[in-house]
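Working notes, beginning with the structure itself.
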Amino acid sequence: MVAVPQQRRPIELGRAQIRFVQLKPEKLFGFQQTLYHDVSLKGSDCEKTMLDCLERFDLCGGVAEVARTISALIGETDPATLLDYLPRMDNQALEQRLGLILERLSTVQEIEGDLIAGILPGKWVSTSIPWIRTSRRLAYWMAAGASARKWTSWENSSGRSQLASSAIGPTKGASRI
């Protein structure tokens, strides 16, 4: 896929199809130059790619695939750059998704504390929702509209996080504790 400011039709290049995804001009940032067979190409850096995939996870294999990718790449990213890019993306749902994934990953792998703390600082909700038995931050992300079923399926399929599904709400066949 190629990010472009104006809509374009897909093109065929050999057996591959190149899809163009339209982005607002203010979301076209975070590029780096790469040399490929003596040709200079411009591509997005790791942090921007991560945010783009999380914003349009429907184009990247779904939430579970994006979460696995974040888990693999989080050690290579610069937290300051990631936190700098978040407000520029101007998408609160994106911040909530990233926060939820990082909160979950922090239980099974090392995540820099400043990174999680830097996402949506100071925005909390009451943890009076009966099925939330985890952190206040997770309560905020779940109450803000994250789908419990999607996150439960990611946790169960990824093999990385085996937190109880009751921690994020009842699912089919699960009972409330």
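The values are calculated or read from the model by the stated rules, or taken from the named source; none is laboratory data. Note that the coordinates shown come from a computational prediction; the quantities given were computed from them, not determined experimentally. Every residue, glycine as well, gets a Cβ built from its backbone with ideal geometry; the counts of neighbours run over all protein chains shown. Only protein heavy atoms, including side chains, enter the accessible area calculation; ligands, DNA and RNA are left aside. Shrake-Rupley method; radii C 1.70, N 1.55, O 1.52, S 1.80 Å.
Given the condition open to solvent by less than 40 Å² (accessible area, probe 1.4 Å), assigned to a helix (DSSP H, G or I) and farther than 19 Å from Phe29 by Cα, answer yes or no: does some residue in the stretch 78-87 qualify? Checked against the condition, which is being open to solvent by less than 40 Å² (accessible area, probe 1.4 Å), assigned to a helix (DSSP H, G or I) and farther than 19 Å from Phe29 by Cα, the stretch 78-87 yields no hits at all. Looking at Glu26, Glu12, Glu47 in this structure, which one is open to solvent by 50 Å² or more (accessible area, probe 1.4 Å), part of a helix (DSSP H, G or I) and modelled with pLDDT of 90 or more? Only one candidate passes the filter, namely Glu26. When Gln109 is tested against (1) within 12 Å of the chain's Cα centre (by Cα); (2) open to solvent by less than 50 Å² (accessible area, probe 1.4 Å), only condition (1) is not met.
Given the condition acidic (Asp, Glu) and touching a strand residue (DSSP E or B) at 6+ places or on another chain (Cβ under 6 Å), answer yes or no: does some residue in the stretch 92-111 qualify? No, the stretch 92-111 contains no residue that is acidic (Asp, Glu) and touching a strand residue (DSSP E or B) at 6+ places or on another chain (Cβ under 6 Å). Within the stretch 34-48, residues that are within 19 Å of Phe20 (Cβ to Cβ) and among the hydrophobic types (A, V, I, L, M, F, W, C) reach no partner that is assigned to a helix (DSSP H, G or I) and open to solvent by 70 Å² or more (accessible area, probe 1.4 Å) with beta carbons closer than 8 Å at six or more positions or on different chains.
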